[in-house]
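This report concerns only the one structure given below.
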Amino acid sequence: MNRKKSKKAFLLLFILIFPSAFYVYLVAGKEGSFVRLPYYGPKHPIVVTADGKTKKDTVFYALPPFTFKNQAGNEVTSASMRGRIWVCCFEHLKDTKVSPSITTLMNRVESRTDLDTTLRLLTFALDTETTKSLSAYATLVHAGKRQIFLSGDSSKVEQFAKEDFYEPVGISSNNGFIHFFLIDKEGSIRGIYNGLLIKETDELIDNISMLEAAYAVNANREKSRKDDDGI
């Protein structure tokens, strides 16, 4: 029995790490030969001062500050999500047509990234929900510990979805909020996927590994630089 469990754990680890390892190989072996995940949303102009001189530059679009309550009654903020990769979607939890499909595929994302303990999966409720109802919903859909359900005033959540996610990236929400968004550690949108399609959900899962690998490569380069500089 132990041998079977060990074999299963090894296979799961291999499935999770292989795409990332292959991505890292491409980065390290052939700089510029891989496809980087894009940034979505308009760039913002900034003024940078260096060596007493100022110059204009641009930064990638990042989500503005937000604060919502989760199913445990705790506040989840943009600041608390910094430093994490996360995936999010927007749902009318009482909807019986679209939401069940999105919920099922969010569970798919969680089950296929179960070794990535730092990843968080956020569902913003477009209904005004209480902490108790969010907790009951999480139990109903068999959500794991990495899934967070958030709520607030329904009009504010919808405004947040439209103005901070859909409109900046040029996607219409007229047919409903049906997308998964992949967010990096700096709060930038790095991927958009149809949350009703298995194929695009699996692409999201692959891209999570690619993004994790990119951070690993950058961290390794920074460590090597410091070692070379004797820091």
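Being among the polar types (S, T, N, Q) and surrounded by 15 or more Cβ atoms within 10 Å (Cβ to Cβ) narrows it down to one of ASN107, ASN174, so name that one.
ASN107
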Task: Residue, surrounded by the fewest Cβ atoms within 10 Å (Cβ to Cβ), within segment 127-154, restricted to residues that are of a type in the set (S, T, N, Q) and more than 23 Å from ILE192 (Cα to Cα) - done: THR139
TODO: Starting from segment 65-80, take each residue that is under 14 Å from ARG146 (Cβ atoms) and touching a residue at least 40 places away in the same chain (Cβ under 8 Å) and list its partners that are polar (S, T, N, Q) and outside any strand (DSSP E or B), counting only C-beta distances under 6 angstrom and pairs at least six apart or across chains.
DONE: GLN71/SER135
TODO: Run ILE102 past the list (1) of a type in the set (A, V, I, L, M); (2) touching a Cys at 6+ places or on another chain (Cβ under 8 Å); (3) in a strand (DSSP E or B) and report the number of the one that doesn't hold.
DONE: (3)
TODO: Can you run down the residue pairs with Cβ atoms below 8 Å, 6 or more apart or on separate chains, where the first is in segment 178-207 and closer than 26 Å to HIS44 by Cβ and the partner is among the charged types (D, E, K, R) and in a loop (DSSP other than H, G, I, E, B)?
DONE: LYS185/ARG82; LYS185/ARG84; GLU186/ARG82; GLY187/ARG82; ARG190/ASP184
- [ ] State all residues of segment 81-102 that are hydroxyl-bearing (Ser, Thr, Tyr) and either touching a residue at least 40 places away in the same chain (Cβ under 8 Å) or loosely packed, with under 15 Cβ neighbours inside 10 Å (or both); if no residue qualifies, say none.
- [x] THR96, SER101
Task: Conditions (1) at pLDDT 95 or above; (2) farther than 30 Å from LEU126 by Cβ; (3) among the hydroxyl-bearing types (Ser, Thr, Tyr): number failed by SER33 - done: (1)
- [ ] Could you tell me whether PHE68 is surrounded by fewer than 18 Cβ atoms within 10 Å (Cβ to Cβ) and either in contact with a Cys (Cβ under 6 Å, 6 or more places away or on another chain) or of a type in the set (Phe, Trp, Tyr) (or both)?
- [x] no
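The values are calculated or read from the model by the stated rules, or taken from the named source; none is laboratory data. These numbers come from a predicted model, not from an experiment. Neighbour counts run over all protein chains shown; Cβ positions are idealised from the backbone, glycine included.
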